[in-house]
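Student: Sending over a structure as structure tokens; questions will come in a sec.
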Amino acid sequence: MMDLDSIVDTESEMQDLEEVVMGLIINSGQARSLAYSALKKAKEGDFDQARAVMAQSRMALNEAHLIQTKLIEEDQGEGKTKVSLVLVHAQDHLMTSMLARELIAELIELHEKIK
């Protein structure tokens, strides 16, 4: 006989994971988008605004990183979290956002030195 309670729990867990994954994608995407906006400000010579936008980018990235940390803590290295293509996609977003921020910070610094 099928355990209906476990099906409901599984569906609820899947929805919770989807919400967490979307939070990861949204926040990391926001961090990357803000970083590129900061680079645009630096190209225009507005370095104060570039730094301010990079600070906003850092806050969005921190939020994404907190979500990632929560996922890791819940999994405890035991494979509890179901790995889906969307979760892998979210992780890709986070990692590319982190890399973009690092490179953009360097580019902003170079633009400032050139000016």
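The values are calculated or read from the model by the stated rules, or taken from the named source; none is laboratory data. Here the structure is a predicted model, which means the values were calculated and not measured. Here Cβ is always computed from backbone atoms with ideal geometry, including for glycine, and neighbour counts include all displayed protein chains. Only protein heavy atoms, including side chains, enter the accessible area calculation; ligands, DNA and RNA are left aside. Shrake-Rupley method; radii C 1.70, N 1.55, O 1.52, S 1.80 Å.
Student: Tell me which residues, restricted to segment 84-100, are open to solvent by less than 60 Å² (accessible area, probe 1.4 Å) and over 11 Å from the mean Cα position of the chain (by Cα).
Tutor: The answer is Ser84, Leu87, Ala100.
Student: Mind checking which residues of segment 101-115 are open to solvent by 30 Å² or more (accessible area, probe 1.4 Å), more than 18 Å from the chain's Cα centre (by Cα) and at pLDDT 90 or above?
Tutor: Within segment 101-115, the first condition is being open to solvent by 30 Å² or more (accessible area, probe 1.4 Å), and the residues that meet it are 102-103, 105-107, 109-115.
Going one step further and asking which of them are more than 18 Å from the chain's Cα centre (by Cα), we end up with 106-107, 109-115.
Correct list: Glu106, Leu107, Glu109, Leu110, His111, Glu112, Lys113, Ile114.
Student: Could you tell me whether Glu19 is charged (D, E, K, R), touching a helix residue (DSSP H, G or I) at 6+ places or on another chain (Cβ under 6 Å) and open to solvent by 70 Å² or more (accessible area, probe 1.4 Å)?
Tutor: Details: charged (D, E, K, R): yes; touching a helix residue (DSSP H, G or I) at 6+ places or on another chain (Cβ under 6 Å): no; open to solvent by 70 Å² or more (accessible area, probe 1.4 Å): yes.
In short, no.
Student: I've got another one for you. If I filter segment 46-83 down to residues being small (Gly, Ala, Ser) and either open to solvent by 30 Å² or more (accessible area, probe 1.4 Å) or under 23 Å from Gln15 (Cβ atoms) (or both), which single residue comes out as nearest to the chain's Cα centre (by Cα)?
Tutor: Filtering segment 46-83 down to residues small (Gly, Ala, Ser) leaves 50, 52, 55, 57, 60, 64, 77, 79.
Checking the rest, the ones that are also either open to solvent by 30 Å² or more (accessible area, probe 1.4 Å) or under 23 Å from Gln15 (Cβ atoms) (or both) come to 52, 55, 64, 77, 79.
Values: Ala52: 19, Ala55: 15, Ala64: 4, Gly77: 21, Gly79: 21 Å.
Step by step, filter segment 46-83, then rank; the result is Ala64.
Student: Next up: Scan segment 30-40 for residues that are farther than 10 Å from His111 by Cα and either more than 22 Å from the chain's Cα centre (by Cα) or of a type outside the set (S, T, N, Q) (or both) and jot them down.
Tutor: Here is the first cut: in segment 30-40, the residues farther than 10 Å from His111 by Cα are 30-38, 40.
Selection gives Ala31, Arg32, Leu34, Ala35, Tyr36, Ala38, Lys40.
Student: So which pairs qualify, if the first residue must be in segment 87-115 and small (Gly, Ala, Ser), the second must be surrounded by 13 or more Cβ atoms within 10 Å (Cβ to Cβ) and not in a helix (DSSP H, G or I), the Cβ gap must be under 8 Å, and the two must be at least 6 apart or on different chains?
Tutor: none
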